[in-house]
1. When Leu329 is evaluated against the numbered criteria (1) aliphatic (A, V, I, L, M); (2) assigned to a loop (DSSP other than H, G, I, E, B); (3) open to solvent by 20 Å² or more (accessible area, probe 1.4 Å), which criterion, by number, is the only one it fails?
2. Report, ordered by the first and then the second residue, all pairs with beta carbons closer than 7 Å, sequence separation of six or more or different chains, a first member in region 351-373 that is touching a residue at least 24 places away in the same chain (Cβ under 8 Å) and under 11 Å from Gly384 (Cβ atoms), and a second member that is assigned to a loop (DSSP other than H, G, I, E, B) and of a type in the set (A, V, I, L, M, F, W, C).
3. Report yes if Pro25 is of a type outside the set (Lys, Arg), in contact with a Ser or Thr (Cβ under 7 Å, 6 or more places away or on another chain) and not in a helix (DSSP H, G or I), otherwise no.
4. Picking from Arg341, Arg375, which residue would you name as being part of a helix (DSSP H, G or I), farther than 16 Å from Ala167 by Cα, open to solvent by 10 Å² or more (accessible area, probe 1.4 Å) and not aliphatic (A, V, I, L, M)?
Amino acid sequence: MKTKNKVVPAPSKLNLLRQICNFIPEFLVPRLARETGAQKKVRTFSAWSHVVALLYAQLTHSIGLNDVCDALALHSGPLSSLRGATPPSRNNLSHANQVRPAQMAEKLFWAVFEHLGQLSPRFVGGRAGKRFARKFHRTVHLVDSTTIPLIASCLDWAKHRRRKAAAKCHLRLDLQSFLPRFAIVDTARHNDNRRARELCAGIEAGEIAIFDKAYVDFEHLADLSRREVFWVTRAKDNLGYRVVRRYQHGAVGKILRDDLIRLTTPASHRDYPELLRRIVALVEVDGQEVTMEFLSNNLEWSATSIVELYRCRWQIEVFFKQIKQTLQLADFLGTSANAVRWQVWTALLVYLLLRYLAFLSSWGHSFSRLFTVLRAALWKKWDGLSLLRGYGTAGGHFRYLARPEQAYLPTLG
């Protein structure tokens, strides 16, 4: 319904929070609670109430246990309409985060991912990524990690440096659908290349993996090549090699070198005895052109295509920005490793549910605007799709994915 200055969303019998939670199948949480042993830790505060409380905390930027518990107690009536969910006490919520296995939250994310994919196959196999990537007609995977700063004095399990503590989320992102395909939540103590094999285990032959030089492990790269997975990465500064063949002589545009090389360092040559593609190009970073060196196992693509593929890797920084800044994955409700994992996986679940709403409503504005609109209307009995389709204080159609340079924040790690 339209008024003179704005679009009023259609009324609904369900509040918006209930509409979001309804994307989670009713049988799913009780089943996973039994499978993971979380049900054994339940007394009065049910597994479903626990999930709803954490979803609400993430959707509302709650900054502490009291914030969540007081708000839900004040809305206990509407909350009970969410399949009988009850507001927790501070002790109940804290205890649940600490003792109920976070594996349940992880399994819940992937189960909901699969469920939404069955409802809308185009959602998980869509083409939301860069237009450039579409010409390859194959899935492009972006692999990277982000460090989540924590309070060192409270979190001994996550000690990262002498006076710092941090958790780390290793992620494989599907560029086309802009959705996670694999994730590991762990401490920040270990080097990224130790997680490379796990992150890339599910990539199939013919698909493309793009990652930074922190994930370079030549034994793993050789394994990807044997599996017929194409990969693009940056070369480390101390790379030892000899040129076998030159694809071009002299600079051509932004491409300074395009060579076929063989590794000469004994350990590297043992791990990767095959030929590699080495490309040196000028790349614009923060308004200035810098020289970057790239490696790939594809010997046929043009040098420009390989450089542009690596440029697509910056889109994963957009994802990390949306998770850490828009969803504010910084204020944790617990100090144990289990509580942090519960919250990280819940944040990923919130992201998935909001992205699905955006997909159904053909939302054209930014993710941050999507989040603020839904957060402001959680207890309203408005139809969510009607709200999103009619919302907008500014005209025009906007890119759903931000530009890579908008996502570059040094603190994101």
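1. (3)
2. Close Cβ pairs (under 7 Å, with a partner that is assigned to a loop (DSSP other than H, G, I, E, B) and of a type in the set (A, V, I, L, M, F, W, C)) amount to Leu353/Phe23; Tyr356/Phe23.
3. So Pro25 fails the test.
4. Values: Arg341 fails: farther than 16 Å from Ala167 by Cα.
Criteria check complete, one pass: Arg375.
One line per residue, one yes/no per condition, for (1) surrounded by fewer than 20 Cβ atoms within 10 Å (Cβ to Cβ); (2) under 20 Å from Lys380 (Cα atoms); (3) of a type in the set (Phe, Trp, Tyr); (4) modelled with pLDDT of 95 or more:
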site	(1), (2), (3), (4)
Asn22	yes, yes, no, yes
Leu28	yes, no, no, yes
Arg31	yes, no, no, yes
Val42	yes, no, no, no
Ala47	no, no, no, yes
Leu54	no, yes, no, yes
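Results for (1) farther than 30 Å from Leu221 by Cβ; (2) touching a helix residue (DSSP H, G or I) at 6+ places or on another chain (Cβ under 8 Å); (3) acidic (Asp, Glu); (4) at pLDDT below 95, shown as yes or no for each residue.
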site: Ser302; (1), (2), (3), (4): no, no, no, yes
site: Ser305; (1), (2), (3), (4): no, no, no, yes
site: Cys312; (1), (2), (3), (4): no, yes, no, yes
site: Asp331; (1), (2), (3), (4): yes, no, yes, yes
site: Leu353; (1), (2), (3), (4): yes, yes, no, no
site: Ser361; (1), (2), (3), (4): yes, yes, no, yes
site: Phe367; (1), (2), (3), (4): yes, yes, no, yes
site: Thr372; (1), (2), (3), (4): yes, no, no, yes
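The values are calculated or read from the model by the stated rules, or taken from the named source; none is laboratory data. The structure presented is a predicted model; accordingly, all values stated were derived computationally and were not measured. Ideal geometry is used to build each Cβ from the backbone, glycine not excepted, and the neighbour counts take in all protein chains shown. Heads up: the accessible areas ignore ligands, DNA and RNA and are worked out on the full protein's heavy atoms, side chains in. Shrake-Rupley method; radii C 1.70, N 1.55, O 1.52, S 1.80 Å.
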